[in-house]
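Encoded as structure tokens, the structure appears first; notes follow it.
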Amino acid sequence: MLSGLSDDRGAAVIADLTYREDAFAFGKFENLLRSKGQWSNPQPWLLTFLRGSNAERVAGDILAGLKGDAVGPFGRITLYPLLTSAFHTPLVRLPKEDMVFVFNLIRIPASNDAAAAERMVADNRRLYDRIREAGGVQYPVSAFAMSPGDWEVHFGPSWLQFREAKRRHDPGHLLAPGYNIF
């Protein structure tokens, strides 16, 4: 999986962790950034699901095009498989395959530089368009703008069910107003 990638081996920190250890490690990392006042900096994350059948190619192409500061000095990139049969939440969108891959760019810039954050958000949109063209979908907390038409495409055949749930449970449009869904 790592062939063809280049990095500074002397500076690399490699650890094999269980899922539980990784989850707790990220919590510790969050606490560290909070203690240094850096957790409140913009964090333009991109969270997606790739089709299992083309995840290696899509992720590889995207990773090959990333520049050194693409995720920031504190960021991370995650890629791991999930079985879609494990999901039972009605409106979670996943590619229509038995296995999908979570592919996330956890972008954490070093500072509160608005221009850098804006570049990352613009890059998120560009990468999302590539992922969507390859049959992937986003986990809808990613940092980039979506139009009402984008949301309709995102929810696909579940759009009417989603729209009805929103009408019934949030008639005043108080929940998630910034998402510009309708």
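Miscellaneous remarks
- For region 118-164, average projected area of the Cα convex hull in nm²: 3.4
- Candidate values (i) 15.9, 46; (ii) 17.7, 56; (iii) 18.5, 68, label of the one derived for Rg and Dmax of the Cα atoms in Å: (ii)
- All aspartates and glutamates inside 15 Å of K166 as judged from Cα atoms, apart from same-chain residues fewer than 8 positions distant: E152
- The residues of the chain expose on average 63 square angstrom of accessible surface per residue, using a 1.4 Å probe on protein heavy atoms.
- Protein accessible area in the chain, 1.4 Å probe - carbon and sulfur %: 57
- Dividing the summed helix terms, -39500 (n - 2.57) for each DSSP H run of n ≥ 4, by the number of residues in the chain produces a 222 nm estimate of -12000 deg cm²/dmol to the nearest 500.
The values are calculated or read from the model by the stated rules, or taken from the named source; none is laboratory data. Only a predicted model underlies this, so the values are computations on that prediction, with no experimental measurement involved. Quick note on the areas: whole protein, heavy atoms, side chains included, nothing else; ligands and nucleic acids left out. Shrake-Rupley method; radii C 1.70, N 1.55, O 1.52, S 1.80 Å.
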